[in-house]
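Heads up, the thing below is written out as structure tokens.
The values are calculated or read from the model by the stated rules, or taken from the named source; none is laboratory data. What you see is a predicted model; the values in this text were computed from it and never measured. Glycine gets a Cβ as well: all are built from the backbone with ideal geometry, and neighbour counts include every protein chain shown.
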């Protein structure tokens, strides 16, 4: 066989028992979850900003970064709810390259999935403890979600995963808001169908169990741009794109018709500084149209301490080893600008 079964990993219940969530973190998460749900549903007019590194590759640097976010959050709490991106597994277009802390707790060493599972749980818990900001992660592997289900306040389903049945069904059992990105083709119908599926109740097999889910009414869309047949980026954050999404949403029988705009990826063509302009254009569209103001609940920004990206061997503290990110100085200014422009 082509599979080599290396070792059986602990089930989530065992990892949670070894690295438990304190009552204080559980209470904080419950409060933050409710705040994010209120934004998605429209009960709150605060703006959601999901911001952080492309991949959380170093716990010390990520913790340093999120402590900086926490200081900004205190100053803009009347306008913004900041959710740190602590993305611990990285989808790769070709399947090659660094796949995130889940695979490699130390990017310079060989993969170790057992230590990876432990490292990502500990990092999320440590960040929440020190910053009082609960976190977001991407659900790349649905069966791994349960290792982090009691610490995450927001989950994203990526462009390459959004058409997958197991991703959609798993989201239907989550207790937190989950964003479904448009596929790389840019097809809005695929994205909206994924929201319909995620908001519905289901019966399926999960981690060897037959399970029932109640549906996740806080599942929503994320616009991240698209790629055409020539491999060229096609943005979908412009006013006309948001208008089109609003009109298409009206034809779908879903609750909480909401969207988040991912300012990087194919929207910026990975030109990371363009995120500043893109976010401000989205805010202008919100001011221009009551419908778009109601639809757009927040933005995603890829940001780290140092701007740009590097090779793993360069070992620059707080600089992305995957996609290029906005630096801290620009990020801090942008966060204050967002609060001012709302």
Q: Please tell me if residue 173 is in contact with a strand residue (DSSP E or B) (Cβ under 7 Å, 6 or more places away or on another chain), within 27 Å of residue 33 (Cα to Cα) and either modelled with pLDDT under 95 or assigned to a strand (DSSP E or B) (or both).
A: no
Q: Return the total of residues in segment 162-178 being within 21 Å of residue 121 (Cβ to Cβ) and either within 13 Å of the chain's Cα centre (by Cα) or crowded, with 22+ Cβ neighbours inside 10 Å (or both).
A: 6
(Q) For segment 1-35, give me the residue count where each residue is touching a helix residue (DSSP H, G or I) at 6+ places or on another chain (Cβ under 6 Å), outside any loop (DSSP other than H, G, I, E, B) and under 15 Å from residue 116 (Cβ atoms). (A) 2
Q. For residue 194, all conditions in the list (1) more than 26 Å from residue 287 (Cβ to Cβ); (2) surrounded by fewer than 17 Cβ atoms within 10 Å (Cβ to Cβ) hold save one; what is the number of the exception?
A. (2)
Q: Select from segment 149-166 the residues that are touching a helix residue (DSSP H, G or I) at 6+ places or on another chain (Cβ under 7 Å), assigned to a loop (DSSP other than H, G, I, E, B) and touching a residue at least 40 places away in the same chain (Cβ under 8 Å) and list them in ascending order.
A: 150, 151, 161
Q: Please go through segment 40-73 and pick out each residue that is crowded, with 21+ Cβ neighbours inside 10 Å and farther than 16 Å from residue 331 by Cβ.
A: 40, 55, 57, 58
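Here's the yes/no breakdown for (1) surrounded by 22 or more Cβ atoms within 10 Å (Cβ to Cβ); (2) part of a loop (DSSP other than H, G, I, E, B); (3) out of contact with any helix residue (DSSP H, G or I) (no Cβ under 9 Å at 6 or more places or on another chain):
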position: 284; (1), (2), (3): no, no, no
position: 291; (1), (2), (3): no, no, no
position: 294; (1), (2), (3): no, no, no
position: 301; (1), (2), (3): yes, no, no
position: 308; (1), (2), (3): no, no, yes
position: 323; (1), (2), (3): no, yes, no
position: 330; (1), (2), (3): no, no, no
Q: Sort out which residues of segment 201-231 are farther than 18 Å from residue 50 by Cβ and under 21 Å from the mean Cα position of the chain (by Cα), and write them in order of number.
A: 215, 217, 226, 227
Q) Listed residues 206, 249, 218, 237; which is at pLDDT 95 or above, surrounded by 15 or more Cβ atoms within 10 Å (Cβ to Cβ) and over 28 Å from residue 290 (Cα atoms)? A) 206
Q: For segment 74-91, indicate whether the set of residues that are assigned to a helix (DSSP H, G or I), surrounded by 22 or more Cβ atoms within 10 Å (Cβ to Cβ) and under 16 Å from the mean Cα position of the chain (by Cα) is non-empty.
A: no
Q) Among (1) at pLDDT 95 or above; (2) within 16 Å of the chain's Cα centre (by Cα); (3) over 28 Å from residue 185 (Cβ atoms), which single condition is residue 101 missing? A) (1)
Q: Of all residues in segment 106-148, count the ones that are under 22 Å from residue 317 (Cβ atoms), in a loop (DSSP other than H, G, I, E, B) and touching a strand residue (DSSP E or B) at 6+ places or on another chain (Cβ under 7 Å).
A: 1
